[in-house]
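The values are calculated or read from the model by the stated rules, or taken from the named source; none is laboratory data. In this text the structure is predicted, and so the values were computed from the model without any measurement. Cβ sites come from the backbone with ideal geometry, for glycine too, and all protein chains shown count toward neighbours.
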Amino acid sequence: MDHFNYRNGQLHAEDVPLAQVAERFGTPCYVYSRATLERHFHAFDQALGDHPHLICYAVKANSNLAVLNVLARLGAGFDIVSQGELERVIQAGGDPARVVFSGVAKQEGEMARALELDIKCFNVESRAELKRLNAVAGKLGKLAPVSLRVNPDVDARTHPYISTGLKDNKFGIAASEALDAYRQAASLEHLDVVGMDCHIGSQLTELSPFLDALDRLLLLIERLEAEGIKLDHLDLGGGLGVTYRDETPPAPADYAKALLERLADKRGAHKPLTLLFEPGRAIAANAGVLLTRVEFLKPGETRHFAIVDAAMNDLIRPALYQAWQAIIPVEQRSSQETQRYDVVGPVCETGDFLGKGRELAIAPGDLLAIRSAGAYGFVMASNYNSRPRAAEVMVDGGEAYLVRAREAFSLLWAGEALLPESAGASH
Ligand code: LLP
């Protein structure tokens, strides 16, 4: 459930009419709902009840400082994949002791910064990375907490670009190699083996791949324990899907219940492992919309186009993954007949569409809301076609706050330079 609803034919974010947001901040504009973010975070947190746990929001889904800050205030942890994300978490008031660091190619400088801040854990994805981390920690006189990301080779049955737990994917350490890698980690002086993790993909709508992955990890944990390598936590990654159209993913409560039952079954009287989740999409996607205005309606011979002021540079998911996101009018018209439109942007690419074949009753100047845009929306935006990136607004009850200003034109070339007049004189 989210807090984007119609009241008297007017789409609202919580108590604020979206038409008012567009009036005040312009379009295209991302609008987030604080209450929805909080609701989704609590759903995960409460789902694990009194089992020791930490919900590490995946910063990549939406890294706006206001979003991170709202979650930090609830005691969230964070899953990061770069120093940039780490610096954002710190800027937003997040607690580094609740940060886990994922990613296949952490650089020495990134490791050093994370060690300096005493993050909770490094999710290590290869043997070469173990060695690098050991060396960096040694130089700093630190002990680096590590978890190995195991690739359990399960099919997440999702889009191939967002499936990560198969042998063919670049992520993690193969389950068959993991035991050896753990032995190596345990032997390295500046590493402290504390956990195991996996992340098998994104937008999963079934429980079984998660349970299969858990089974494979638990087998490994048993073998490690037999060798005297004991872990404190198990991190099952993110990946729980959301409803974009008619998908029916399990609710966080059902997801957590199934995992906890399997854990209880298989580990019985063992000391409970702290459970970590890294949800991104499930927290942020339906907590945001992209507001856009219809510029022109362009009837064609075979298709009709609604040309809007948002484009693939603002929201790339439809173009990149053929993702379907609902497009709804901000003001409902009762009288007008609908027409089938391809909703397209101003970018010079045929792939620049936000939705195809949508039944809409609209006129030029109308506002549309592209739903489920709170995750992997603004964070994947670019300046293609030299389009300034959109504004971001967060609604909290009856108030709307600008949480990122629309990019000014001058920022488009900030950091660029001309060659000096004298350049080329030697030719
Ligand atoms: N943890 C790790 C290590 C990840 O790689 C990811 C996402 C997550 C957590 C969060 O997964 P989530 O709960 O959001 O499914 N841009 C794509 C999604 C890419 C996901 C990459 N990894 C999209 O727009 O569908």
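Looking at segment 289-301, can you tell me whether even one residue there is surrounded by fewer than 20 Cβ atoms within 10 Å (Cβ to Cβ), in contact with a strand residue (DSSP E or B) (Cβ under 7 Å, 6 or more places away or on another chain) and not in a strand (DSSP E or B)? No, the conditions are met nowhere in segment 289-301.
With respect to the conditions (1) modelled with pLDDT of 95 or more; (2) within 15 Å of the ligand (Cβ to nearest atom); (3) assigned to a loop (DSSP other than H, G, I, E, B), Ala156 lacks only one, and its number is (1). Of all residues in segment 278-309, those satisfying the criterion of being within 16 Å of the ligand (Cβ to nearest atom) and of a type outside the set (S, T, N, Q) are Glu278, Pro279, Gly280, Arg281, Ala282, Ile283, Ala284, Ala285, Ala287, Gly288, Val289, Leu290.
Restricting segment 128-152 to residues that are over 22 Å from the mean Cα position of the chain (by Cα) and either modelled with pLDDT under 95 or not in a helix (DSSP H, G or I) (or both), the residue that is nearest to the ligand (Cβ to nearest atom) is Val146. Restricting attention to segment 5-52, the residues that are part of a strand (DSSP E or B) and crowded, with 22+ Cβ neighbours inside 10 Å total 7.
Here are Ala72, Ala105: which of them is among the aliphatic types (A, V, I, L, M) and surrounded by fewer than 17 Cβ atoms within 10 Å (Cβ to Cβ)? Answer to the check: Ala105.
For segment 291-335, the set of residues classified as without any contact (Cβ under 8 Å) to a residue 12 or more places away in the chain and among the charged types (D, E, K, R) consists of Lys298, Glu301, listed by residue number.
Would you be able to say whether some residue in segment 160-172 is away from the ligand (no atom under 12 Å from the Cβ) and in contact with a helix residue (DSSP H, G or I) (Cβ under 8 Å, 6 or more places away or on another chain)? There is no residue in segment 160-172 that is away from the ligand (no atom under 12 Å from the Cβ) and in contact with a helix residue (DSSP H, G or I) (Cβ under 8 Å, 6 or more places away or on another chain). Criterion applied to Gly172, Gly138, Gly228 was being buried (at least 17 other Cβ atoms within 10 Å of the Cβ) and not assigned by TED's automatic domain parsing to the domain that holds Leu320, and the one residue passing it is Gly172. Taking segment 182-284 as the region of interest, the helices (runs of 4 or more DSSP H) fully inside it that hold 1 or more residues being aromatic (Phe, Trp, Tyr) are 208-226, 252-267. Considering segment 382-404, and only residues there that are among the small types (Gly, Ala, Ser) and in contact with a Phe, Trp or Tyr (Cβ under 9 Å, 6 or more places away or on another chain), the residue that is farthest from the ligand (Cβ to nearest atom) turns out to be Ala400. Against the condition modelled with pLDDT under 95 and within 16 Å of the ligand (Cβ to nearest atom), how does Val104 come out, does it pass? For Val104, the condition - modelled with pLDDT under 95 and within 16 Å of the ligand (Cβ to nearest atom) - is met.
Selection over segment 255-277 of residues that are within 16 Å of the ligand (Cβ to nearest atom) and either farther than 17 Å from Leu231 by Cβ or free of Cβ contacts under 8 Å to residues at least 24 places away in the same chain (or both) gives a count of 2.
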